[in-house]
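Derivation of every value follows stated rules applied to the coordinates shown; laboratory data play no part. Keep in mind it's a predicted model, so treat the numbers as computed, not measured. Glycine gets a Cβ as well: all are built from the backbone with ideal geometry, and neighbour counts include every protein chain shown.
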Amino acid sequence: RSGLLGTLGEFLDDVPKDDQGLAYRARLWFDLGIADTERYFESLLAKNRFDPAWAPDLGFLVRELSLGMPLAQWRYCCWAAVRRGASLAQQEPGTDAQRLRETIFAELKRRAGWIAAGGYAGCSFAPSSPVPNSAAARLFVTRLTRLGSDFWQTPTSWEAMLTFVVGPPPRPAVHPIEPQPSELQPPLAAANGPRPASSRFAAVSASSDASDQAPNREALP
């Protein structure tokens, strides 16, 4: 198995990073993300005793609305929609299954529209693990791209692939500017001339007097 994964990883590393390769990655990101979100939606439906067969319709809804939302925000919409359906089922026992389904998908549309319009921007449910569960998605975020947790938090787009595959453009090299000979300052001694011998002797004498006057720390009680 490890040999197969290594071979597959090498193959993925060789996928071109040109425009066609970036478009392929963006499409794959969308498909893998929707598949993962459908599985999350299915688990919520089953947990609340709704029909899990409704989950695949989420993919049609996402493609129909084409809102460009991150996967984490779609996961929030799924949670809120199922909660709305569970609330209706509790308040009105015996509600027809078709009405419950319509209520859930209507809430999905409503929540997604609010978020896309700028409301509830902070509402998102990213998984606790930054790496997706499926093997295909894990290979995608580790070998085909450098997405990591941005798999959930960033809208799927070709432009995003420019950052997470190609990377930002390199910064231009900065070369230090060499000073011109005319800009060099002459040495201090050369600029001010040699010090007179008397001044040098006076400095040495003053230093000696100061050291003689300093107290002897070892002689202090």
Exercise. Nearest 0.05, what FRET efficiency do Gln153 and Asp18 give at R0 = 35 Å with Cβ-Cβ as r?
Worked result: 0.85
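Pop the C-beta distance of Thr142 and Lys47 into the FRET formula with R0 = 30 Å and round what comes out to the nearest 0.05.
The formula returns an efficiency of 0.50 here.
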For this session: Give me the orientation-averaged projected area of the Cα convex hull of segment 119-161, in nm², one decimal.
Result: 3.6 nm²
Problem set entry | Long-range tail of P(r) for segment 58-144 (Cα pairs > 15 Å, %) | 64 percent
For this session: Quote the charge dipole size of segment 78-119 about the Cα centre in Debye, to the nearest 20; the model charges only the Cβ of Lys and Arg (+1) and of Asp and Glu (-1).
Result: 160 debye
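By the scheme Lys and Arg +1, Asp and Glu -1, what is the net charge of all other residues having a beta-carbon under 12 Å from that of Tyr76? It would help to have the intermediate numbers written out before the result.
Working: positive: Arg75, Arg83, Arg111; negative: Glu107.
Its environment carries a net charge of +2.
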